[in-house]
Amino acid sequence: MAATIPIGPYHVALKEPIFLKLEVEGERIKDADIKLGYHHRGIEYLAMRRTYWQNIFLFERVCGICSDAHTTCYCQTVEDVAGVTPPERALFLRVLVAELERIHSHLLWLGVAMHIIGFDTLFMQIWRDREYVQDLLEIITGNRVNYAYNTIGGVRRDVDEKTIRLVKKYMDTIKNAFDKTVEAILQDPVIEARVKGVGVLTHEEAKRYGVVGPTARASRIASDIRKDDPYAAYDRLDWEMIVFDEGDVLAKTLVRVYEVYESIKMVNESLEKLPPGPIVTEVSRFPPGEAFGRVEAPRGELVYYIKSNGTNVPERVKVRTPSFMNIASVKPMLLEETIADAPLIFASVDPCVACTERVIIVDSRTNEKKIMTFNEFMIRYGRKRK
Amino acid sequence: MTDVMEVILAIIYAALYPGGLFAFFMGAMFLWSYRKLRARMQSRVGPPWYQVFADIVKLFNKETIIPKVAHRTLFVLAPIIALTGCVTALWLLPIPAHVLPTAEPLVSPLAFWADIIVILYLLALIEVGEIVAGASSASPYGAVGASRRVNLLLSSELPFAVSIVGVVIFMKTLSVNEMMVKQAKEGPFLITSVEGLDPMLYVLSVVFRICLFISFLLCVLAKMGKRPFDIPEAECEILAGPLTEYSGKLLGLFEVTNALKWFVLPAFTVILFIGGDTSIITFLIKCFVIVLILAYIDIINPRYRIDQAYKFFMKVALLLSLVGLVGEMLVLYAVVGV
């Protein structure tokens, strides 16, 4: 007998509204359906109504966790359109904040994963250590969450000697605390029983679904925009890409764990190599043209496309978030697993629903589904006419 | 006249001490100390000492919602079944009445020669209450929670019973009361010796008894619904499991049961394994130690999956209890030489 277990749209394990419909026999999952569309905000449409400067503020708010990745990508793409290069110091500072953000994002995910397998003690401790990163981000940028650090042509705030010393001190603290956490994760037999061999995404499936970021790197796909297409100052830093073969939840966990170490290394290195100079280049006009930019957000490759028509308002901004690529790959991971593992498997791609929402049109007569951008939607069904 | 006195004493026994209010208060305190310890070990502040009472008072003042699709009778009956099992088991336990050690332990009015078997069933009744709750609530989360509870009950009951059999064989009695009296004379079960036992065999026998004790504690963890066996209430997967649809007074009854459980199960453990108290103070201290052990295991562990828990009980807990039981019997055989 097959039963349907609904997980979501509102569910304790999911921090954001998404709907997982699981067809189960007993505890075993036979089919899975993932529905999005509970959280559409029309960001791309709003972006076409605002100036380039106002849009920084808007894209800061696409996602609360990787807000720096979004503005970095947006600012880089606009800089490409405007044909300016930010000063060296700004590039290193972008790396600094981006890597701090990666540490905080990965620790956040690790905590949530531990919570999902019921290890609340480790969850609390990981989040306690994450507070150090949040403090650093607040000291450097002025904000804990939406940092408002990037601007077109550079960054908004500089760091002084005192801050650099504090960052280095805190990095040591975080590294020491994290060492203990990792030891606990690697040695606990119950954790191993819960994550090893669970939710496997094979190399072939991963390629077929086109997954990005840590999800891809856990399935033997060596793809990292920081290496493949270096932006900011990543080509001047010494770091390694973490790739695992297994593709299970353990591999996805370990990729993130070792990336935290790499990020700590990069934060320290970017501060050591920090060149003197200005932190922002003036940008005055946006010539017609188009640009395509990508960065490695904590969840994977983030893509922005911007088309300029010479005014101070972009003609089109397209955002493709990493979760958009990753969420679909949950389906092959879920099949033949148990309900108990479903939230963990779903969380293992670190889905960021807020970033991902698209309008989905379902034709009930033919049961045809079509995904369209908000602009198309408005042209077809809304007030806007061609 | 004596009849009237006996009735009054029985009522006091059932409602005030040690059944009823006293047990509820102590259970709430144990539950609070678990929550506080857990919070402190997780770098949190934790609840104030009256939190459990505040929760229950709040729940009893709230509206009780019974889902239309639920089986109404069973839905209402489920918390009552659980509470009945818990309270009756409590009434059968010989809990010391005096503050200072005395010669005569308090005998429960309900006690009889084979009450340990009844207690075994009554403790299972608590879980049956939860299973009925989950199954009758017509919620998918409740149904999955109930099925997991059944699995856990089936797997943990066998090692639980085998451990108890180990104690019974050593004590040569089925009465919990007599066990308490015997331990008061000869020392706690875990470390007591039999006449004519040479030191080597004594150490071996204690090791076997510790096997029984560990297996028993693991089963108690499953009965309390604590990590790594809190699978029926895994909130990330199935919300509150069997209790998902419960609210108001019915949920309040479950909370009362839960608080009582925090006294009954540690007390039962103490009576079986490290008992022999005639003073309530040492008894409560021993209970608290058991609570601390349970809390510690809960804090340092994540949650097993249900199939893994089943395998764990069959492979580890059952094996431990069987080794303890058979070893204990062999040692006794060597001494008695039957």
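Just so you know, all these numbers are worked out from the coordinates, no wet-lab data involved. Computed from a prediction, not measured in an experiment: that's the story for all the values here. Cβ atoms come from the backbone with ideal geometry, glycine included; neighbour counts cover every protein chain shown.
Can you work out ³J(HN,Hα) from phi for every residue in segment B:110-121, in order, using Karplus 6.51 cos²θ - 1.76 cosθ + 1.60 and θ = phi - 60°, giving whole Hz and x for Gly and Pro?
In residue order, the calculated couplings are 8, 4, 9, 6, 10, 6, 5, 5, 5, 4, 4, 6 Hz.
Let me spell out the model: positive unit charges on the Cβ of Lys and Arg, negative unit charges on the Cβ of Asp and Glu, origin at the Cα centre of the protein assembly as shown. What dipole size does that give, in debye rounded to 20?
2080 debye
To the nearest 20 Debye, how big is the dipole of segment B:2-336 about its Cα centre, given +1 on the beta carbon of each Lys and Arg and -1 on that of each Asp and Glu?
Rounded to the nearest 20 debye, it is 1000 debye.
Expressed as a rounded percentage, what relative contact order does chain A have, with Cα pairs under 8 Å and six or more residues apart?
Result for chain A is 24 percent.
Which value, in Å to one decimal place, does the Kirkwood hydrodynamic radius take for chain A when every pair of different Cα atoms is included?
21.7 Å
With no solvent and one point on each alpha carbon, what is the Debye value of log10 I(q)/I(0) for chain B at q = 0.07 Å⁻¹?
Values returned for q = 0.07 Å⁻¹ are -0.30.
Suppose a student asked you for the relative contact order of chain B, using Cα pairs under 8 Å spaced at least 6 residues apart; what percent would you report?
Computed value for chain B: 28 percent relative contact order.
Listed highest first by mean packing, meaning other Cβ atoms within 10 Å per residue, what order do B:159-169, A:56-66 come in?
Ranked by mean Cβ neighbours within 10 Å, highest first: B:159-169, A:56-66.
Which whole-number percentage describes the relative contact order of segment B:1-98, with Cα contacts under 8 Å and a sequence gap of 6 or more?
Over segment B:1-98, the number comes to 28 percent.
Mind listing the Cα extents of segment A:52-172 along all three principal axes, in Å, largest one first?
Principal extents (Cα only, largest first): 50, 32, 17 Å.
Placing +1 on the Cβ of each Lys and Arg and -1 on the Cβ of each Asp and Glu in the protein assembly as shown, which of A:154, B:276, A:48 has its Cα farthest towards the positive end of the resulting dipole?
In the protein assembly as shown, that residue is A:48.
If packing is taken as the average number of other Cβ atoms within 10 Å across a peptide's residues, how do B:61-74, A:105-118 rank, most packed first?
Averaged packing, sorted descending, gives the order A:105-118, B:61-74.
Over 32 Å between Cα atoms, which of A:30/B:315; A:180/B:36; A:175/B:315; A:252/B:68 qualify?
Listed pairs above 32 Å: A:175/B:315; A:252/B:68.
Counting pairs on different chains as well as pairs 8 or more places apart, how many Lys pairs in segment B:171-271 have Cα atoms under 16 Å apart?
4
I want the local charge near residue B:30. Using Cβ-Cβ distances under 11 Å, sum +1 for each Lys or Arg and -1 for each Asp or Glu among the other residues.
Summing Lys and Arg as +1 and Asp and Glu as -1 gives +3.
Among B:222, B:14, B:264, pick out the residue whose Cα is farthest towards the positive end of the charge dipole of segment B:2-336, where Lys and Arg carry +1 and Asp and Glu carry -1 on C-beta, about the Cα centre.
About the Cα centre, the residue reaching furthest to the positive side is B:222.
Could you give the size of the charge dipole of segment A:186-229 about its Cα centre, using +1 on the Cβ of each K and R and -1 on the Cβ of each D and E, expressed in debye and rounded to the nearest 20?
40 debye
Find, to one decimal place in angstroms, the Kirkwood hydrodynamic radius of the protein assembly as shown, where the mean of 1/r is taken over every pair of different Cα atoms and then inverted.
Taking every pair of different Cα atoms in the protein assembly as shown, averaging 1/r and inverting gives 29.0 Å.
Give me the net charge of residue B:86's neighbourhood, meaning all other residues with Cβ under 15 Å from the Cβ of residue B:86; Lys, Arg count +1, Asp, Glu -1.
-1
Among B:246, B:190, B:114, whose Cα projects farthest towards the positive end of the dipole of chain B, with charges put on the beta-carbon of Lys, Arg (+1) and Asp, Glu (-1)?
The residue sitting most towards the positive pole is B:246.
Taking other Cβ within 10 Å of each residue's Cβ, how do A:252, B:261, A:175 sort, fewest first?
Taking fewest neighbouring Cβ atoms as first place, the list is A:175, B:261, A:252.
Using alpha carbons only, what's the Rg to Rh ratio of segment B:124-175 with Rh from Kirkwood?
My calculation of the ratio gives 1.21.
What average number of partner chain Cβ atoms lie no more than 10 Å from the Cβ of the residues making up A:133-140?
0
Give me the net charge for the shell around residue B:157: Cβ to Cβ below 10 angstrom, other residues only, Lys and Arg +1, Asp and Glu -1.
Taking every Cβ under 10 Å from that of residue B:157, the sum is 0.
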